[in-house]
Amino acid sequence: TVLNGRFGDMIRLLADEGVERIDGIALDLGVSSMQIDQSERGFSFSKDGPLDMRMAQSGMTAAEAVNQLGEAELADIIYRYGEERLSRRIAKAIVEARKETPITRTGQLAELIRRVVAQARNKTKDGIDPATRTFQALRIYVNDELGELERGLNAAETLLGPGGRLSVVSFHSLEDRQVKEFLR
């Protein structure tokens, strides 16, 4: 039975199906390649599309975040969720750019970030696109991914029966750290 919902809704979703305890839960975190491949979803910095990034396609978009949040808050989001050392410079550049025209496209934001990072580093040293960390940060923020992970882990603890198993597939250190702390 396929149930549409968030990790944090597991208890309610399963209760609606008459299920109170289960033997195993697998949480596969992160964005899927199908979402990235659809430029209209706004996750990809390699394919231009609307700057959206919402998993459930409800709530604040990434475009609304970059165009409405203050410089300090943007910098904190980029640093905390993207672990981007140049977060202050990127946030400042976003705020300056949006004074001229709103940032509404993934390509527009990615190019802005690439220029800022190129000026600061002269070239990318780690082999990843300079926009990667900022796009990750915005996606995590817009979807409250770490909050959802916490709610999902708590739901799993409630739902798992004696001897039950929890398996979590994580894709970056923020998720990994949160899961390890929960399990501890």
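What does the accessible area per residue of the chain come to in Å², with a 1.4 Å probe and no ligands, DNA or RNA counted?
57
So how much slack lies between Glu83 and Ile22, counting 0.36 nm per residue of separation and subtracting their Cα-Cα distance, in nm?
Net length gain for the segment: 18.4 nm.
Expressed as a rounded percentage, what relative contact order does the chain have, with Cα pairs under 8 Å and six or more residues apart?
Numbers: 250 pairs, mean separation 62.4, N = 184.
This gives 34 percent for the chain.
Return the single residue from Val142, Val116, Val19 with maximal mean-square fluctuation; model: Gaussian network over the chain, springs between Cα atoms under 10 Å.
Residue with maximal mean-square fluctuation among Val142, Val116, Val19: Val19.
Enter the accessible area of Lys92 (Å², nearest 10), with the probe set to 1.4 Å and all protein chains included.
For Lys92, the solvent-accessible surface is approximately 110 Å².
Sum up the charges of everything whose Cβ sits under 9 Å from the Cβ of Ala91, counting Lys and Arg as +1 and Asp and Glu as -1, but leave Ala91 out.
Values: positive: Arg88, Arg89, Lys92; negative: Glu71, Glu73, Asp76.
Summing Lys/Arg as +1 and Asp/Glu as -1 gives 0.
Can you give the angle from 0 to 90° between the axis of helix 132-143 and the longest principal axis of the chain, with both taken from C-alpha atoms, to the nearest 10?
The angle comes out at about 50 degrees.
So what does log10 I(q)/I(0) come out to for the range 31-184 at q = 0.10, 0.16, 0.18 Å⁻¹, using the Debye formula with one equal point on every Cα and no solvent?
Listed by q, the Debye log ratios stand at -0.39, -0.89, -1.08.
Of the heavy-atom accessible surface of the range 22-155 (probe 1.4 angstrom), what whole percent is carbon and sulfur?
47
Grab the other residues whose beta carbon is less than 10 angstrom from that of Phe45, score K and R as +1, D and E as -1, and report the net.
-1
In degrees from 0 to 90, rounded to the nearest 10, what is the angle of the helix 145-159 Cα long axis to the longest principal axis of the chain?
10
The values are calculated or read from the model by the stated rules, or taken from the named source; none is laboratory data. Not measured: the values here are computed from a predicted model. No Cβ is skipped: glycine too gets one built from the backbone with ideal geometry, and neighbour counts run over all protein chains shown. To get the accessible areas, we keep the full protein, side chains included, count just its heavy atoms, and leave off ligands, DNA and RNA. Shrake-Rupley method; radii C 1.70, N 1.55, O 1.52, S 1.80 Å.
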